[in-house]
Number of protein chains: 2
Amino acid sequence: MHEFKRGSLTDPLPAAAADEHVTPLMHAGGARIERIVSHGQASPPGFWYDQDRDEWVLVVSGRGVLAFADGRRETLEPGDWICLPAGCRHRVEETHSPTVWLAVHLPRADT
Amino acid sequence: MHEFKRGSLTDPLPAAAADEHVTPLMHAGGARIERIVSHGQASPPGFWYDQDRDEWVLVVSGRGVLAFADGRRETLEPGDWICLPAGCRHRVEETHSPTVWLAVHLPRADT
């Protein structure tokens, strides 16, 4: 009981594959934490994420470019985070290989 | 509406001070994400964190040592994460200066 669990986001890294690697790390009360490893993947042309919950994303290593429905592009380097509120349409425009992301999916706001 | 917000965990870093720097980054639905910057701080002697919610912690840069009530010590380097379930008594034994932590406080489990 009350046992901790530990790991590393960057060691080892999975080998490059056709799809991104998504590793669930923890979840509780509607919140979910996962590691995503990209090897050059991008969202399919014309695809937009349009989520019903807030998401918080960090680039741990590598580099990723997000594009937004209003035309803006945001390049994220290691240490850079972005908060994507529910309904903020976005796509992954490009990723360096490898790029390690940390994604925190937040529960629906309780207010 | 649906506006994203971005920042960096590591640039700039606050100057060393007597206390750790805690910066709230995002919260929703009982979950809370924060950055903690330590400059050598440790928990007071004999103090134990004993939380009623799960916490997930990542060392982004630097190094931190956690101690547990059963005598174990865990050293966390950059990229290392640890999941501290509710009721897992722990303390910060030592920190490198500076150490950047990411802490995700999860909501109470809904099951």
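Derivation of every value follows stated rules applied to the coordinates shown; laboratory data play no part. Just so it is clear, the structure is predicted and the values come from calculations on it, not from any experiment. Note that each Cβ is placed from the backbone with ideal geometry, even for glycine, and that neighbours are counted across all protein chains shown.
How many angstrom lie between the C-alpha centres of the range A:51-111 and the range B:36-111? The distance from the Cα centre of the range A:51-111 to that of the range B:36-111 comes to 25 Å.
With the simple spin-label model, which puts each label point 7 Å out from Cα in the Cβ direction, the B:R108 to B:V22 separation comes to 2.0 nm.
Taking every pair of alpha-carbon atoms in the protein assembly as shown, give the share separated by more than 23 Å as a whole percent. Could you put the intermediate results ahead of the total?
Numbers: 11739 of 24531 pairs.
Within the protein assembly as shown, distances greater than 23 Å cover 48 percent of Cα pairs.
Distances from B:E93 to itself in the other copies, using label points 7 Å out along the Cα-Cβ axis, amount to 4.6 nm in increasing order.
Model label points for A:E74 and B:R73, set 7 angstrom from Cα along the Cα-to-Cβ axis, are 4.0 nm apart.
If you take the alpha carbon radius of gyration of the range B:21-105 and divide it by 2.2 N^0.38 Å, what ratio comes out, to two decimals? Numbers along the way, then the final one.
Values: Rg = 12.3 Å, N = 85, 2.2 N^0.38 = 11.9 Å.
Rg over 2.2 N^0.38 Å, computed on Cα atoms: 1.03.
Measuring from the axis that maps chain B onto chain A, the chain B residue with the nearest beta carbon and its rounded distance in angstrom come out as B:A31, 2.
For the range B:1-45, backbone nitrogen atoms closer than 19 Å to the point 7 Å from B:S97 Cα along Cα-to-C-beta are found at B:13-22, B:36-45. Could you give the alpha-carbon Rg of the range A:1-71 over 2.2 N^0.38 Å, rounded to two decimals? Relative to the rule-of-thumb radius for its length, the range A:1-71 sits at 1.33.
What do you get for GluC sites (Glu not before Pro) in the range A:1-101 restricted to DSSP loop and a cutoff of at most 10 other Cβ within 10 Å of the site's Cβ? Before the final figure, lay out each step's value.
Numbers: sites: A:E3, A:E20, A:E34, A:E55, A:E74, A:E93, A:E94; in loops: A:E3, A:E20.
Sparse-neighbourhood loop GluC sites (Glu not before Pro): A:E3.
Ranked from shortest, the separations from the 7 Å Cα-to-Cβ label point of A:H2 to its equivalents in the other copies are 4.5 nm. Positive contributions from Lys and Arg (+1) and negative ones from Asp and Glu (-1), summed over other residues with Cβ under 15 Å from the Cβ of B:T95, come out at -3. Around the Cα centre of chain B, unit charges on the Cβ atoms of Lys, Arg, Asp and Glu (plus for the first two, minus for the last two) sum to a dipole of about 100 debye. Ranking B:A67, B:I33, B:H90 by Cα position along the charge dipole of the range B:21-105, where only Lys, Arg, Asp and Glu carry charges on their C-beta atoms, puts B:I33 farthest toward the positive end. Among B:H90, B:H27, B:H39, the largest mean-square fluctuation in a Gaussian network model of chain B (Cα springs under 10 Å) belongs to B:H27.
Between this copy and the others, label points of B:A42 are 5.0 nm apart in ascending order, each placed 7 angstrom from Cα in the Cβ direction.
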